[in-house]
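Notes for the one structure printed next.
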Amino acid sequence: MAGRVQGKVALVTGGSSGIGRACAERLAQEGAIVVLTDLQDEKGQALAAEIEANGGKAQYRHQDVTSEQEWIDTVAAIKADHGRLDILVNNAGIGISGSVLDMALSDFQRQVAINLDGVFLGVKHSIPLMRASGEGGSIINMSSVAGLKGSAILAGYCATKGGVRLFTKAVAMECGNAKDGIRVNSVHPGIIETPIWDDIIGTGEAGDNARPPRAQVLDAMSAEAVPLGGKGYPLDIANGVLWLASEESRYVTGAELVIDGGLSVK
């Protein structure tokens with residue numbers, strides 16, 4: 001099926017790499033005009049150019065999701081350029097591991113600022129533009145399996161992703177009560193091969209002699225913990241995001257889309 005989000009305007013934060021990159025690519029493949037934002041300007045600009053070269057529509061903007069002013073500026077630019085916003089993928093996030101006894105308050109607060117405050121600001125400033133079209137929209141907040149169950153080395157991360165989960169449900173109810181046609185859902189990835197693991201468990205890219213290779217470590221983790229027996233890839237998450245962004249999920253709001261190979265059922 002082609003054109004599942006044809007002509008819709010989508011904003012994807014943290015769109016330069018990993019899950020955000022896959023979401024930007026997948027939405028563009030299905031006809032969306034994609035605005036991807038990040039702090040990794042070189043990667044973001046290259047991805048936007050690649051999407052355009054492949055026949056899609058995309059543009060890149062530098063954005064710090066912890067800055068309210070940058071959210072205001074980003075949404076204003078989308079309004080000026082496109083006149084509307086139909087899809088918001090609040091994807092930008094970081095992971096900091098370690099014992100809660102050793103974690104610095106500054107690290108805890110930084111994680112909250114990006115993973116949770118950034119989602120709040122995205123929702124706050126995007127909903128008015130979504131409502132302006134009178135056609136509703138879809139907000140997709142990236143949580144995690146760590147937002148469903150605890151982890152001994154990820155207390156701070158779990159706190160942020162659990163916050164995203166319940167924040168999503170509350171906003172879904174608010175939009176439902178407003179009858180504005182905006183659906184709000186969360187996505188919960190499991191063990192997905194992305195660069196976030198390099199910070200969480202100290203892995204690296206292939207050929208990085210200073211750290212164990214990410215792919216090898218995640219393969220071992222998945223074999224032990226995932227019922228389906230393997231890790232996932234960013235495209236697995238992007239396909240779920242596409243479904244939530246499309247009219248195929250028109251009757252879905254306040255839901256948790258868990259994409260984890262069964263990890264969370266154990």
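With θ taken as phi - 60° and the Karplus curve 6.51 cos²θ - 1.76 cosθ + 1.60 applied, the whole-hertz 3J(HN,Hα) list for the stretch 93-108 is x, 9, x, 10, 9, x, 4, 4, 6, 9, 5, 6, 4, 5, 5, 4 Hz, x standing for glycine and proline. Annotation: amide H of residue 232 within the under-5 Å range of 191, 192, 193, sequence separation 5 or more or interchain, hydrogens built in the peptide plane. Quick one: putting +1 on the C-beta of Lys and Arg, -1 on the C-beta of Asp and Glu, what dipole do you get for the chain around its Cα centre, in Debye to the nearest 20? Once rounded to the nearest 20, the dipole reads 780 debye.
Per the Debye formula on identical point scatterers at the alpha carbon atoms of the chain, with no solvent, log10 I(q)/I(0) at q = 0.13, 0.15 Å⁻¹ is -0.81, -1.09. If you sort 27, 101 by accessible surface, 1.4 Å probe, largest first, the order is 101, 27.
Would you work out which of 129, 75, 17 lies farthest towards the positive end of the dipole of the chain, given +1 charges on the beta-carbon of Lys and Arg and -1 on that of Asp and Glu, about the Cα centre? The Cα lying farthest towards the positive end belongs to 129. Rolled with a 1.4 Å probe across the full set of protein chains, the surface gives residue 173 an accessible area near 130 Å².
Averaged per residue, the stretch 120-266 has 45 square angstrom of accessible surface, using a 1.4 angstrom probe with ligands and nucleic acids left out.
Under 5 Å from the amide H of residue 9 lie the amide H atoms of 33, 86, 87, each residue being 5 or more positions distant or on a separate chain, with H modelled from the backbone and absent for Pro and chain starts.
The 3J(HN,Hα) values that the Karplus relation (6.51, -1.76, 1.60; θ = phi - 60°) gives for the stretch 152-169 are, in residue order, 4, 10, 10, 4, x, 4, 4, 4, 5, 6, x, x, 4, 4, 7, 4, 4, 5 Hz. Gly and Pro appear as x. Across the stretch 38-47, rounded Karplus estimates of 3J(HN,Hα) from the backbone phi angles (6.51 cos²θ - 1.76 cosθ + 1.60, θ = phi - 60°) give 5, 9, 8, 4, 4, 5, x, 5, 5, 5 Hz, Gly and Pro being marked x.
Compared with the direct C-alpha span, the chain from residue 109 to residue 6 gains 33.2 nm at full extension, assuming 0.36 nm per residue. Charging the Cβ of each Asp and Glu at -1 and of each Lys and Arg at +1, and nothing else, the dipole of the stretch 124-266 about its Cα centre rounds to 520 debye. Between 87, 140, 96, the Gaussian network model of the chain with springs among Cα atoms under 10 angstrom shows the greatest mean-square fluctuation at 96. On the stretch 1-114, 49 percent of the accessible area sits on carbon and sulfur atoms, based on a 1.4 Å probe. In this structure, the pairs whose alpha-carbon distance is over 28 Å, taken from 43/179; 43/231; 79/169; 57/231, are 43/179; 57/231. What the Cβ-Cβ distance of residue 100 and residue 221 gives, at R0 = 25 Å and to the nearest 0.05, is a FRET efficiency of 0.70.
The values are calculated or read from the model by the stated rules, or taken from the named source; none is laboratory data. Nothing here was measured: the structure is a model prediction, and the numbers come from that model. In this analysis, Cβ positions are derived from the backbone assuming ideal geometry, glycine residues included, and neighbour counts consider all displayed protein chains. Ligands, DNA and RNA are stripped out before the accessible areas are found, and what is left, the full protein with its side chains, is counted by its heavy atoms. Shrake-Rupley method; radii C 1.70, N 1.55, O 1.52, S 1.80 Å.
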